[in-house]
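Before any comments, here is the structure.
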Amino acid sequence: MISSQLKAAIENRSECKHIINFLSAISQTLPLTLRIRHASFIEDSLKSKAEMFISELKERYSDLVRPVSYDSSNKTIFQATPNSNLSKFSLGKISPNLKRLIMKGTSEGIIARQELGSMLPVIALAGVNKLEFGSKVLDMCASPGSKTLQALEIVGTFSKSDLKRKKGRIVANDIHPLRLESLQDAIKRSGVSTSLTQRIIYTNHDASKFPTPKSGSTFDCIIADVPCSGDGTVRKDPHILPNWMPSISNSLHHLQMTILKRAIKLLKIGGVVAYSTCSLNPIEDEAVVASVLSWGNRFADDNDAVELLDWPDDSLPGLKFCPGVETWRVADYVDSSISKMTMREGEDSFEGSGFDLDEKAKLTWYDSFEDTKNVVKTFSPTMWPPTEDDRNNINLKKCRRLLPGDNNTGGFFVALIRKNTDVTFQKNRT
């Protein structure tokens, strides 16, 4: 809930109305969301059960869950109704029968319990026709596996026109061995047939140093859902907000850039990477995209060696997005003990560090990298917005931001980047 002091301070200020809406949204529990798996992905023996499952959802539980309005063509995404207060935490208490139905559907591979933001990278890649039957896909930071399975539904299933094409493969990578084991277990428990899950290859590499395949064959598309601060997940994880600090995003910025650069190097010419975070902080989002695009185009005469793509018009056409932002500032606390905290890939959070924010610590904003030269902190020029000329070339507005209050979801960021030229091995390129 929003504190009475904060609400009183801003509720009568017209310029702060969006803040009230945002805070109201993130103070509510994330509603239950589930997705019906692709029809051709479900085994023939279960197709009738899948049809019965959907019918039962619509007929018996329409007061609790309904197809979302922005998926009008497919009607495969269901979300808890606004007045049901249904979440993964309250499901068993509000409707034990619905919980049993959902658990059965999950175990049989008919449905996936997946938050909307998590669905977007795969939906976007499919929308630009880079994720399709036969595609070779890399999921760089794959755990817990929801995007891997979602991509497999497209890569591993086919129509009659696809019969002569080879089935695709997905390389599911994670740096953390235990997370990789959890990913494999989750896929085994998913109810998806072995004939399909055998199309997944598991690897255990640092995503920022992911090796070029021995075959030399690069990827049609890449999912780069990178380690992030997770500030967009506060509705489902209440521990995120009390432990959040600007230094978390600042410390992740370099790793995120390195992973995205590596993704672009691993793409085929014409391939697309979906870069995403469950953060709304531009230091982790637009700043990373802008710096990597500048890096990729620094030897290109026409600035299109790598380029941002628009969100595909036919993909969830009713979904409300905000465009990427083009200006922002960088913040941190002046207390040196805070700024020294960093996070590396494979670490989940700062929780448990024993750190308590000193009430006297002051949040400081920096308008430019030059403003930080007398500050004992680790900043990078790439954390700040690009120059006006670079902004015009990059067009960060093509990025997409999913705000919690617009569609009753978590917060999410996604950008589609296409590699147009093989600039990876140019002389002096790093």
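Select from the chain the helices, each a whole stretch of DSSP H, whose alpha-carbon atoms run 27 Å or more along the helix axis and whose Kyte-Doolittle mean is at least 0.0; answer none if there are none. Numbers along the way, then the final one.
Working: long enough: 246-266 (31 Å, 0.10).
Membrane-span-like by this rule: 246-266.
At 1.4 Å probe size, what's the solvent-accessible area of Val171? Round to the nearest 10 Å².
10 Å²
Straight-line reach from Lys88: which lysines have a Cα under 17 Å away, not including same-chain ones fewer than 8 places off?
Lys99, Lys104, Lys236
Kirkwood Rh over Cα pairs of the chain into Stokes-Einstein at 4 °C, 1.567 mPa s: D in µm²/s? Don't skip to the answer; put the middle values down first.
Values: Rh = 22.8 Å.
Here the translational diffusion coefficient equals 57 µm²/s.
How large is the accessible surface per residue of the chain, computed with a 1.4 Å probe and reported in Å² as a whole number?
Details: 21210 Å² over 430 residues.
On a per-residue basis, the chain sits at 49 Å².
Going 7 Å from the Cα of Asp63 along its beta-carbon direction, which residues of segment 81-100 have the amide nitrogen within less than 14 Å of the resulting point?
Under 14 Å, as judged by backbone N against the label point of Asp63, lie 81-86, 94-98 of segment 81-100.
What residue among Phe412, Phe299, Phe133 has the largest mean-square fluctuation in a Gaussian network model of the chain, using Cα springs under 10 Å?
Maximum among the listed residues: Phe299.
What lysines sit close enough to Lys362 to cross-link, taking a C-alpha to C-alpha distance under 20 Å and skipping anything fewer than 8 places away on the same chain?
By straight Cα distance, Lys362 reaches Lys340, Lys373, Lys377.
Taking the chain as a Gaussian network, where each spring joins two C-alpha atoms under 10 Å apart, which residue of Leu125, Leu23, Leu116 fluctuates the most?
Most flexible of the set in this elastic network: Leu23.
By what distance, in whole Å, do the Cα atoms of segment 31-113 stretch along each of the three principal axes, largest value first?
Extents along the principal axes: 35, 27, 20 Å.
Could you identify which residue out of Ser95, Ser14, Ser368 has the top mean-square fluctuation in a GNM of the chain using Cα springs shorter than 10 Å?
Comparing Ser95, Ser14, Ser368 in the GNM, the peak value goes to Ser14.
Under a 5 Å amide H to amide H cut-off, with H placed in plane at 1.01 Å, what residues pair with Leu267 once short-range neighbours are removed?
Phe219
Among 256-264, 195-203, 78-86, 211-219, how do they line up by average Cβ neighbours within 10 Å per residue, starting with the highest?
Working: 256-264: 23.9, 195-203: 15.9, 78-86: 18.2, 211-219: 11.9.
Taking the mean over residues of other Cβ atoms within 10 Å, the ranking is 256-264, 78-86, 195-203, 211-219.
Using only C-alpha positions, report the orientation-averaged shadow area of the convex hull of segment 65-223, nm², one decimal.
Numbers: hull surface 43.9 nm².
Projected area, direction-averaged: 11.0 nm².
Run the numbers on the chain and let me know its relative contact order in percent, using alpha-carbon pairs under 8 Å that are six or more apart. Each step should come with its number before you reach the end.
Details: 762 pairs, mean separation 76.8, N = 430.
Computed value for the chain: 18 percent relative contact order.
Can you compute the label reach from Asp406? Point 7 Å from Cα along the Cβ direction, backbone N cut-off under 20 Å, restricted to segment 256-283.
274-283, by backbone N distance to the label point.
Distance in nm between label sites at Ser90 and Leu363, each 7 Å beyond Cα in the beta-carbon direction?
Rounded to a tenth, the inter-label distance reads 2.9 nm.
Ordering Asp220, Asp313 from largest to smallest accessible area (1.4 angstrom probe), what's the sequence? Don't jump to the answer; show the numbers that get you there.
Details: Asp220 40, Asp313 130 Å².
Ranked list, largest accessible area first: Asp313, Asp220.
What does the charge dipole of segment 31-113 about its Cα centre add up to, to the nearest 20 debye, if the Cβ of each Lys and Arg holds +1 and the Cβ of each Asp and Glu holds -1? Numbers along the way, then the final one.
Numbers: 14 positive and 8 negative charges, 58 e Å.
My answer is approximately 280 debye.
I'd like the antiparallel share, as a percent to the nearest 5, of DSSP beta bridges with both residues in the chain.
Values: 27 of 44 bridges.
Around 60 percent of the beta bridges assigned by DSSP in the chain are antiparallel ones.
What pairs from Lys49/Lys167; Lys136/Lys268; Lys136/Lys166; Lys130/Lys268; Lys166/Lys419 go past 20 Å between their alpha carbons?
Values: Lys49/Lys167 26 Å; Lys136/Lys268 10 Å; Lys136/Lys166 10 Å; Lys130/Lys268 11 Å; Lys166/Lys419 24 Å.
Cα-Cα > 20 Å for Lys49/Lys167; Lys166/Lys419; rest within.
For Met383, what accessible surface area do you get with a 1.4 Å probe? Give it in Å², rounded to 10.
My reading of the accessible area for Met383 is about 10 Å².
The values are calculated or read from the model by the stated rules, or taken from the named source; none is laboratory data. Because the structure is a prediction, the values reported are computed rather than measured. Reconstructed Cβ throughout: ideal geometry from the backbone, glycine too, with neighbour counts over all protein chains shown. Ligands, DNA and RNA are excluded from the accessible area calculation, which covers all protein heavy atoms including side chains. Shrake-Rupley method; radii C 1.70, N 1.55, O 1.52, S 1.80 Å.
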